[in-house]
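J.: This is the structure I have questions about; it appears just below.
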Amino acid sequence: MAAPQLPHEKGFHISWDQIHRDSRALAWRLDGRGPGQDGTWKAIVAITRGGMAPAMIIARELGVRLVDTISVKSYDHQTQGEAQVLSKPDPEMVGDGTGVLVIDDLVDTGKTLEVVRGLYPQAHFATVYAKPKGEPLVDTFITGVSQDTWIFFPWDMALQYVEPYRGKD
Ligand SMILES: O=P(O)(O)OC[C@H]1O[C@H](OP(=O)(O)OP(=O)(O)O)[C@H](O)[C@@H]1O
Ligand code: HPA
Ligand SMILES: [Mg+2]
């Protein structure tokens, strides 16, 4: 996961419990909206790495067994570079994206989704969180977050001791 870039005035800290609930909310919104019989989806493609945890939860909720990944690297430590596709699913499985759900944890500037949309123009793009710049690139999302907020995911954090406001007793 990328490290915070300036200027991000605010931090939005997401717990495992929260990402689980928000991912299930996303699954609920997507349920029955696929092109298959009873609105089923053909497959799920997770954008690594952040999309993998939400994709797993969504695949479970929607009963999708065909799950693959596309590896995209766009942030290198603190700097956003060109979005590079490092690996992608079997073209026979995804085709132009018809019936496929592409899942990521968040859309920020939209660079990552732009690249993946270019590959699978007919896919449905869903993220759990979305910042305003990236919103036009996502078909479905759950929570909007302001552009000057950095989202901290539970897989990037650890519980640790903090000093009381008034110092040690
Ligand atoms: O809308 P954008 O500005 O392109 O940013 C969003 C992307 O950035 C993060 O991934 P990152 O490249 O940090 O890799 P990771 O998922 O492997 O941590 C995040 O998981 C999204 O995939
Ligand atoms: O707000 C964010 N949080 C974590 N990773 C990110 N990658 C782009 N934006 C973000
Ligand atoms: Mg990512």
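J.: Would you mind finding the longest exposed-site-free stretch of the chain, with exposed chymotrypsin sites (Phe, Trp or Tyr not before Pro) meaning DSSP loop and at most 11 other Cβ atoms within 10 Å?
T.: In short, 1-160.
J.: In the stretch 69-169, what trypsin sites (Lys or Arg not before Pro) fall in a loop by DSSP, with at most 11 other Cβ atoms inside 10 Å?
T.: 166, 168
J.: Assign unit charges at the C-beta atoms only (+1 for Lys and Arg, -1 for Asp and Glu), then state the dipole size of the chain relative to its Cα centre in Debye, rounded to the nearest 20.
T.: On the way: 17 positive and 22 negative charges, 35 e Å.
Once rounded to the nearest 20, the dipole reads 160 debye.
J.: Using the Cβ atoms and a cut-off under 9 Å, what net charge is assigned to the surroundings of residue 39, where Lys and Arg are +1 and Asp and Glu are -1?
T.: Local net charge: -1.
J.: Given springs between every Cα pair under 10 Å in a Gaussian network model of the chain, which of 132, 91, 121 has the largest fluctuation?
T.: Highest fluctuation of the listed residues: 91.
J.: Any chance you could run the full-extension gain for residue 73 through residue 96? It's 0.36 nm times the residue separation minus the Cα-Cα distance, nm to one decimal.
T.: So the extension gain works out to 6.1 nm.
J.: Would you mind pulling out the separation of the Cα centroids of the stretch 59-105 and the stretch 6-41, in Å?
T.: Their Cα centres are 15 Å away from one another.
J.: Next question. Could you name the lysines in cross-link range of residue 73, using Cα to Cα under 16 Å and dropping any fewer than eight places away on the same chain?
T.: 88, 111
J.: Leaving out same-chain residues fewer than 8 places away, which aspartates and glutamates sit with a Cα under 18 Å from that of residue 10?
T.: Residue 10 reaches 108, 148, 156.
J.: Quick one: net charge around residue 54, please, counting Lys, Arg +1 and Asp, Glu -1 for every other residue with C-beta under 13 Å from its C-beta. Intermediate results must be reported in sequence, preceding the final value.
T.: Details: positive: 21, 24, 29, 49, 60; negative: 22, 61, 104, 105.
Spelling it out: positives minus negatives among the neighbours equals +1.
J.: Would you tally the net charge around residue 19, using a Cβ to Cβ cut-off of less than 13 Å, leaving residue 19 out, and scoring K and R as +1, D and E as -1?
T.: -3
Bear in mind that the values in this text are calculations on the coordinates, not laboratory data. Please read these numbers as outputs of a predicted model, since none were measured by experiment. Ideal geometry is used to build each Cβ from the backbone, glycine not excepted, and the neighbour counts take in all protein chains shown.
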